[in-house]
Amino acid sequence: MTSCQYAEPYAGGCGLALSLLFNNIVDEIYINDIDRSIASLWLCIMEHTEELSNRIRLAKLTIEEWEQQKSIQNHKDIADPLDLAFSTLYLNRTNRSGIIKAGVIGGYNQEGKYKMDCRFQKDSLINKIHQIASKKSRIHIYNLDGIDFINKLEELGLAKTIFNG
């Protein structure tokens, strides 16, 4: 049986790639995102699983903390990768529609129908991170421009397999 890989040049949340991997439709996934915030999150899920889990466990769901995480994103070019990864996850779960640059769910005064904690289910997030990390030998992460990523796959001899079946 031949190995089957799947690649996403613009991964973001890479829902399809993870679904294919967890349902054993593909053997490996190659995910890429040029955004340092996204790439840092994926790398830390794989390489700093416990540290990221602990940050989630201890997370304060307050406007003050939200502002701190927003500040990290505003300086992501110099941010520590683990700080950036947590900031990305925090804002994804507390911002409207999961958009990192959007405003906080419930508004700054938390007067909306839904509050900032409605999508930040700590146990569920930690479980998902551990599930993903358990497959880390089958997940390859890159932080490249999309075209550079495709060229990288060609260098690895994977482009034909991935793109032509």
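For every helix of n ≥ 4 consecutive DSSP H residues, a contribution of -39,500 (n - 2.57) applies; sum these over the chain, divide by its total residues, and give [θ] at 222 nm rounded to the nearest 500 deg cm²/dmol. All intermediate terms of the calculation are to be shown ahead of the outcome.
Numbers: 8 runs with 84 residues, N = 165.
Roughly -15000 deg cm²/dmol at 222 nm, from the helical runs in the chain.
About the Cα centre, and with charges only on the beta carbon of Lys, Arg (+1) and Asp, Glu (-1), how big is the dipole of region 49-134? Nearest 20 debye, please.
Working: 13 positive and 11 negative charges, 82 e Å.
Roughly 400 debye, rounded to the nearest 20.
In the P(r) worked out for the chain, what percent of Cα pairs fall beyond 23 Å?
42 percent
Using the Cα centre as the reference, give the magnitude of the dipole from point charges on the C-beta atoms of region 49-99 (Lys, Arg: +1; Asp, Glu: -1; all else neutral), rounded to the nearest 20 debye. Before the final figure, lay out each step's value.
Values: 7 positive and 8 negative charges, 56 e Å.
Around 280 debye, computed over region 49-99.
Only Lys, Arg, Asp and Glu count, each charged at its Cβ (+1, +1, -1, -1), so figure out the dipole size of the chain about its Cα centre, rounded to 20 debye. Before the final figure, lay out each step's value.
On the way: 19 positive and 21 negative charges, 125 e Å.
For this selection, approximately 600 debye.
Below 8 Å, C-alpha to C-alpha, sequence gap of six or more: please give me the relative contact order for the chain in percent.
30 percent
Region 1-47 to region 54-118: how many Å between their Cα centroids?
Measuring centre to centre over Cα atoms gives 23 Å.
Separation between the Asn54 and Ile25 pseudo-spin-labels, each 7 Å from Cα along Cα→Cβ, expressed in nm?
3.7 nm
Please compute the length gained on full extension between Lys113 and Asp35, using 0.36 nm multiplied by the number of residues separating them and subtracting their Cα-Cα distance.
Details: separation 78, 0.36 × 78 = 28.08 nm, distance 3.14 nm.
Full extension of this stretch gives 24.9 nm more.
At Glu155 and His130, where each label point lies 7 Å from the Cα along Cα→Cβ, what is the point-to-point distance in nanometres?
Distance between the two pseudo-spin positions: 3.7 nm.
Using the charge dipole of region 47-95 (Lys, Arg: +1 at Cβ; Asp, Glu: -1 at Cβ; taken about the Cα centre), state which of Ile78, Leu52, Leu89 has its Cα farthest towards the positive end.
Most positive-ward Cα: Leu89.
Specify the angular offset, from 0 to 90 degrees and rounded to the nearest 10, of the alpha carbon long axis of helix 49-58 from the longest principal axis of the alpha carbons in the chain.
The answer is roughly 20 degrees.
Taking R0 as 22 Å, what's the FRET efficiency between Thr62 and Gln121 from their Cβ-Cβ distance, rounded to 0.05?
Values: r = 17 Å, r/R0 = 0.76.
E between Thr62 and Gln121, to the nearest 0.05, is 0.85.
If I fit a long axis through the Cα atoms of helix 146-155 and take the longest principal axis of the Cα atoms of the chain, what angle between them do I get, 0 to 90°, rounded to 10?
Its long axis makes an angle of about 30 degrees.
Hey, which lysines would be in cross-link range of Lys70, C-alpha to C-alpha under 25 Å, not counting anything within fewer than 8 residues on its own chain?
Lys60, Lys101, Lys113, Lys115, Lys122, Lys128
Among Lys136/Lys160; Lys76/Lys160; Lys76/Lys136; Lys76/Lys135, which pairs are too far apart, with a Cα-Cα distance over 30 Å? Write out the running numbers ahead of the final one.
Details: Lys136/Lys160 23 Å; Lys76/Lys160 35 Å; Lys76/Lys136 24 Å; Lys76/Lys135 27 Å.
Exceeds cut-off: Lys76/Lys160.
Over the alpha-carbon set of region 49-134, divide Rg by the Kirkwood Rh and report the Rg/Rh ratio to two decimals. Don't jump to the answer; show the numbers that get you there.
Numbers: Rg = 12.6 Å, Rh = 13.1 Å.
Taking Rg over the Kirkwood Rh, I get 0.96.
Can you give me the angle between helix 63-74 and the longest principal axis of the chain, using Cα atoms only, in degrees from 0 to 90, rounded to the nearest 10?
40 degrees
Laboratory data are not the source of any read-out in this text; all were calculated from the coordinates shown. All figures in this text were calculated on a predicted structure; none of them were measured in a lab. Please note: Cβ atoms are built from the backbone with ideal geometry, for glycine as well, and neighbour counts cover all protein chains shown.
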